[in-house]
Amino acid sequence: MVSAMWIRSTLAYRASFVMTLLGNCALTALDFVGILLMFSQVDRLGGYGLAEIAFLYGTAGTAFGLADLFAGSLGRLGTRVRDGTLDAFLVRPAPVLAQVAADRFALRRVGRLAQGLIVLGWSVTALDVAWTPVKVLLVPVLLVSGAGIFVAVFMAGAAFQIVAQDAAEVQNAATFGGNTMLQYPPTVFGDGLLLGVTFVLPLAFVNWLPALYILGRPYPLDLPRAVAFAPPLVAACCLAAAGLAWRAALRAYRSTGS
């Protein structure tokens, strides 16, 4: 209901919405323009060609775009904690998490999602990959699972903001920063970071592991190829853990005291 209200208010000024949507899409596209500029000077980056990196970019961008569309508002929870307006959500007969996620729902985020899908669509046609039914099915699975992992990070970050009374930058480092990292092949990063994003904050399961299986590439940590099919399980575990953290943070919330 709250999301529908924000959508109606956005579409009330359709010309403004279209310009904002196009601007948002163009802004997010600058990341890929940077990749294109790099490939105007080199043939490969970390041993990967342009189509392969475009596939990583498209899968990461689409998964993050889905998560940002439905849970991106959680990133601004710290503001409501500081000014005490989170209290209004606590007395309404609806789940607090759903209310916060729908708060100031920004339909313009569709631009980020659309841009990721466009790059993904182009990369699929440009890749030199022997597509099998398993690989074809793995693409939508990794997109949905990756979105679930990012949603879990948004939830955990929101829980941390309740406790820390902001710290949105910490959440942004894991969400927006994680999305940027996953647009590039894991071969350009050190083993320490790869261990962290595989076993601590499992962002590698968003797209790296399943994407490397599709591309026929080995994972740098020599993990078994079967982990490419683990993202749904990892996403479920992350969402469960984030849910527990969210409930614990709400129980510990004491308002502003004013």
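For the structure I just gave you, tell me whether Val188 is touching a Phe, Trp or Tyr at 6+ places or on another chain (Cβ under 6 Å) and either crowded, with 16+ Cβ neighbours inside 10 Å or more than 20 Å from Gly148 (Cα to Cα) (or both). Spelling it out, it is not the case that Val188 is touching a Phe, Trp or Tyr at 6+ places or on another chain (Cβ under 6 Å) and either crowded, with 16+ Cβ neighbours inside 10 Å or more than 20 Å from Gly148 (Cα to Cα) (or both). The number of residues in the range 140-179 that are of a type in the set (S, T, N, Q) and more than 13 Å from the chain's Cα centre (by Cα) comes to 2. Restricting attention to the range 165-175, the residues that are in contact (Cβ under 8 Å) with a residue 60 or more places away in the chain, surrounded by 14 or more Cβ atoms within 10 Å (Cβ to Cβ) and assigned to a helix (DSSP H, G or I) add up to 3. So how many residues does the range 218-254 have that are in contact with a Gly (Cβ under 9 Å, 6 or more places away or on another chain) and free of Cβ contacts under 8 Å to residues at least 40 places away in the same chain? The total comes to 0. Checking every residue in the range 105-119 against the condition of being under 26 Å from Gln165 (Cβ atoms) and hydrophobic (A, V, I, L, M, F, W, C) gives at least one match. Quick one: which residue in Thr20, Thr79, Thr62 is part of a helix (DSSP H, G or I) and modelled with pLDDT of 90 or more? The match here is Thr62. Restricted to the range 219-232, and to residues there that are farther than 16 Å from Val197 by Cβ and in contact with a helix residue (DSSP H, G or I) (Cβ under 7 Å, 6 or more places away or on another chain), the residue that is surrounded by the most Cβ atoms within 10 Å (Cβ to Cβ) is Pro232. Identify all residues within the range 172-185 that are touching a Phe, Trp or Tyr at 6+ places or on another chain (Cβ under 7 Å) and closer than 18 Å to Val100 by Cβ; write none if there are none. Within the range 172-185, Thr175 is the sole residue that qualifies. Candidates Ala235, Ala241: the one that is buried (at least 17 other Cβ atoms within 10 Å of the Cβ) and either hydrophobic (A, V, I, L, M, F, W, C) or at pLDDT below 90 (or both) is Ala235. Filtered by the rule that a residue be aromatic (Phe, Trp, Tyr) and assigned to a loop (DSSP other than H, G, I, E, B), the range 197-233 gives a lone residue, Tyr219.
The values are calculated or read from the model by the stated rules, or taken from the named source; none is laboratory data. Bear in mind that the values here come from a model prediction, so they are computed numbers and not experimental data. All Cβ positions, glycine included, derive from the backbone under ideal geometry; neighbour counts span all protein chains shown.
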